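The values are calculated or read from the model by the stated rules, or taken from the named source; none is laboratory data. Remember, it's a predicted structure, so these values are computed and weren't measured experimentally. No Cβ is skipped: glycine too gets one built from the backbone with ideal geometry, and neighbour counts run over all protein chains shown.
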Amino acid sequence: MSALPSTSLPKYVRLLGYGGVLPFIFLALLIPFSLDHRALFAMALVNYGAVILSFVGALHWGFAMTMQDLSAEQGRGRFIWSVVPALVAWIATLLPMPWGCLLLVIGLVVHLRQDRQLLRVSRLPAWYLPMRLRLTFVASACLLFAAMVEALGS
């Protein structure tokens with residue numbers, strides 16, 4: 001299947017979605033310039049990344065409940081997948097900072113792949129996947145930057 005015909009990205013979705021990457025950007029930029037609070041900002045970044053990964057995973061729970069064009073097996077797969085990102089995110093919070101960031105990047109990229117697979121069997125608004133791609137790119141770039149700063153600064 002393909003994307004649903006859609007009007008342009010709703011303004012409130014744009015504000016909420018792109019506003020959601022601001023903590024990634026600010027925290028990643030604070031880490032290299034604040035030696036006194038680096039550990040706090042690093043922990044905040046990993047924790048925020050974990051919350052966001054859990055959030056995008058939960059989207060698939062909602063998709064499984066509401067998408068009428070999914071087979072029972074496809075719906076079951078979405079329900080099962082929807083909890084995996086939260087488990088990955090939780091593990092990321094338990095790891096040393098650079099490894100937690102890397103695990104979150106892997107989780108975000110794998111989840112984007114799951115979004116693409118969902119689009120093959122169901123329909124989503126045309127703006128959904130391009131927005132998810134951009135948000136995943138920015139969040140992942142910030143996490144990778146912070147992981148490199150932490151690894152090189154230690």
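W127 satisfies every condition listed in (1) surrounded by 14 or more Cβ atoms within 10 Å (Cβ to Cβ); (2) without any contact (Cβ under 8 Å) to a residue 40 or more places away in the chain except (2).
Among the residues of the stretch 21-67, those identified as surrounded by fewer than 18 Cβ atoms within 10 Å (Cβ to Cβ), aliphatic (A, V, I, L, M) and without any contact (Cβ under 8 Å) to a residue 60 or more places away in the chain are L22, L29, L30, L35, A39, L40, M43, A44, V51, A58, M65, M67. Of all residues in the stretch 20-36, those satisfying the criterion of being over 16 Å from the mean Cα position of the chain (by Cα) and over 12 Å from A146 (Cα atoms) are S34, L35, D36. Listed by first and then second residue, the pairs with beta-carbon distance under 7 Å, at least 6 apart or on different chains, first residue in the stretch 69-92 and in contact (Cβ under 8 Å) with a residue 40 or more places away in the chain, second crowded, with 18+ Cβ neighbours inside 10 Å and aromatic (F, W, Y), are R78/F63. For D36, the conditions (1) more than 22 Å from L9 (Cα to Cα); (2) assigned to a helix (DSSP H, G or I); (3) at pLDDT below 95 all hold with the exception of (2). In the condition set (1) modelled with pLDDT of 95 or more; (2) crowded, with 18+ Cβ neighbours inside 10 Å; (3) more than 18 Å from G17 (Cα to Cα); (4) of a type in the set (S, T, Y), S122 is compliant with all but (1).
Cβ-Cβ contacts under 6 Å between residues 6 or more apart (or on different chains), taken from a first residue in the stretch 133-150 that is surrounded by 15 or more Cβ atoms within 10 Å (Cβ to Cβ) to a second residue that is modelled with pLDDT of 95 or more and not in a helix (DSSP H, G or I), are listed as L135/V21; V138/V21; A139/V21. Scanning the stretch 125-154 for residues that are modelled with pLDDT of 95 or more, more than 13 Å from the chain's Cα centre (by Cα) and among the small types (G, A, S) gives A146, A147.
In this structure, is L9 within 23 Å of M131 (Cβ to Cβ), hydrophobic (A, V, I, L, M, F, W, C) and either part of a helix (DSSP H, G or I) or more than 22 Å from the chain's Cα centre (by Cα) (or both)? No: the conditions fail for L9. For Q114, the conditions (1) farther than 30 Å from L30 by Cβ; (2) surrounded by fewer than 19 Cβ atoms within 10 Å (Cβ to Cβ); (3) touching a residue at least 40 places away in the same chain (Cβ under 8 Å) all hold with the exception of (2). Scanning the stretch 37-68 for residues that are within 20 Å of A147 (Cα to Cα) and aliphatic (A, V, I, L, M) returns A39, L40, A42, M43, A44, L45, V46, A50, V51, I52, L53.
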